[in-house]
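**Student:** Would you mind keeping the following structure in view while I ask a few things?
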Amino acid sequence: MAHESDEVDRIVGSWTTQRPDLDFSPLEVLSRVDRLSRHLDRARRDAFRRSDLEPWEWDVLSALRRSGEPFQLSPKQLLQQTLVSSGTMTNRIDRLVGRRLVRREADPVDGRSILVILTEEGRTRVDAAITRLVDAEAILLQRLSRSDRDRLAALLRKLSLGFDL
C-alpha cells in the first residue's frame, strides 16, 4: 500500500542516500514528534491567548482546577505539579493574585501555611481554555481514527514511561 510522503520522508531519504551506513529510523519517529510538537505548541498558545492566559498561568490554574472542589492547593503542592522553583512559584502566585485569578488564604488546618485558591474568574478562564485546547487538539488529530489515536497514545505512553521519574 502506497503512503503519502511528508517532509521527514524527504529528509530521511536524502540522508539515506548520503549516509547509507546509518539507521535513520529514529529520525522517522522523533523528527515527526518534534514537528508535531511545534504545531501543538502553537495550538496551545492560541487556546490560552484566546482565554487571556499565558502558558505559565495555565499551568498553575489548571493544577488548581484539576484538584477538584474547593480548587485549592498549597504552594508546595503547586510546585510539585508545575516543576518550577519556589521563587518562581511565589512570583507566579503574586501575579495571579494581582489579576484576581487566585487568592491566598490561611490554611485552616495549619495557620502558619497558606492555600492558593482558584477564584471564579480564574475558573472561568481555565474552563474556557481547556475547552479551546481540547477542540484545537482534536483538529490536530482529525486524520486519525479513534483506534489509531488509542494505539498511538499507548505507544507514546510506553515510550514516555522510560523518561518519567
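Each reported figure results from applying straightforward, stated rules to the coordinates on display, with no laboratory input. Because the structure is a prediction, the values reported are computed rather than measured. Cβ sites come from the backbone with ideal geometry, for glycine too, and all protein chains shown count toward neighbours.
**Student:** Mind checking the angle between helix 120-140 and the chain's longest principal axis? C-alpha axes, 0 to 90 degrees, to the nearest 10.
**Tutor:** 10
**Student:** Need the full-extension length gain, Glu54 to Arg19, defined as separation in residues times 0.36 nm minus the C-alpha distance. One decimal, nm.
**Tutor:** Numbers: separation 35, 0.36 × 35 = 12.60 nm, distance 4.31 nm.
Length gained between Glu54 and Arg19: 8.3 nm.
**Student:** Under a Cβ-Cβ cut-off of 11 Å, what is the net charge of the residues other than Leu78 that fall near it, where Lys and Arg count +1 and Asp and Glu count -1?
**Tutor:** Working: positive: Lys76, Arg92; negative: Asp59.
With Lys, Arg at +1 and Asp, Glu at -1, the net is +1.
**Student:** Same structure, new question: Relative to the first principal axis of the alpha-carbon coordinates of the chain, what is the inclination of helix 86-98, with its axis defined by its Cα atoms, in degrees from 0 to 90 and to the nearest 10?
**Tutor:** Relative to the chain, helix 86-98 is tipped by roughly 70 degrees.
**Student:** Something else: Taking +1 at the Cβ of each Lys and Arg and -1 at the Cβ of each Asp and Glu, which of Gln77, Ala63, Ile114 sits farthest along the dipole of the chain towards its positive end, judged by Cα position relative to the Cα centre?
**Tutor:** Farthest along the dipole direction, towards plus: Ile114.
**Student:** Determine, for His3, His39, the number of other Cβ atoms within 10 Å of each Cβ, and report the residues in order from fewest to most. Display every interim value, and only then the final one.
**Tutor:** Working: His3 6, His39 13.
So the ranking, lowest neighbour count to highest, is His3, His39.
**Student:** Please give me the summed charge of the neighbours of Glu120: other residues whose Cβ is under 11 Å from its Cβ, Lys and Arg +1, Asp and Glu -1. Walk me through the numbers before you get to the answer.
**Tutor:** On the way: positive: Arg100, Arg103, Arg123, Arg125; negative: Glu121, Asp127.
Net of charged neighbours comes to +2.
**Student:** Using the Cα centre as the reference, give the magnitude of the dipole from point charges on the C-beta atoms of the chain (Lys, Arg: +1; Asp, Glu: -1; all else neutral), rounded to the nearest 20 debye. Before the final figure, lay out each step's value.
**Tutor:** Working: 29 positive and 27 negative charges, 77 e Å.
Dipole of the chain, to the nearest 20 debye: 380 debye.
**Student:** Also: When the chain is modelled as a GNM with alpha-carbon springs shorter than 10 Å, which of Pro55, Pro20, Pro75 fluctuates the most?
**Tutor:** Pro20
**Student:** (1) 1.22; (2) 1.41; (3) 1.11: which one is Rg/Rh (Cα atoms, Kirkwood Rh) as calculated from this entry?
**Tutor:** So the structure-derived entry is (3).
**Student:** In a Gaussian network model over the chain where Cα atoms closer than 10 Å are linked, find which of Glu137, Glu69, Glu57 has the largest mean-square fluctuation.
**Tutor:** Ranking Glu137, Glu69, Glu57 by mean-square fluctuation puts Glu69 first.
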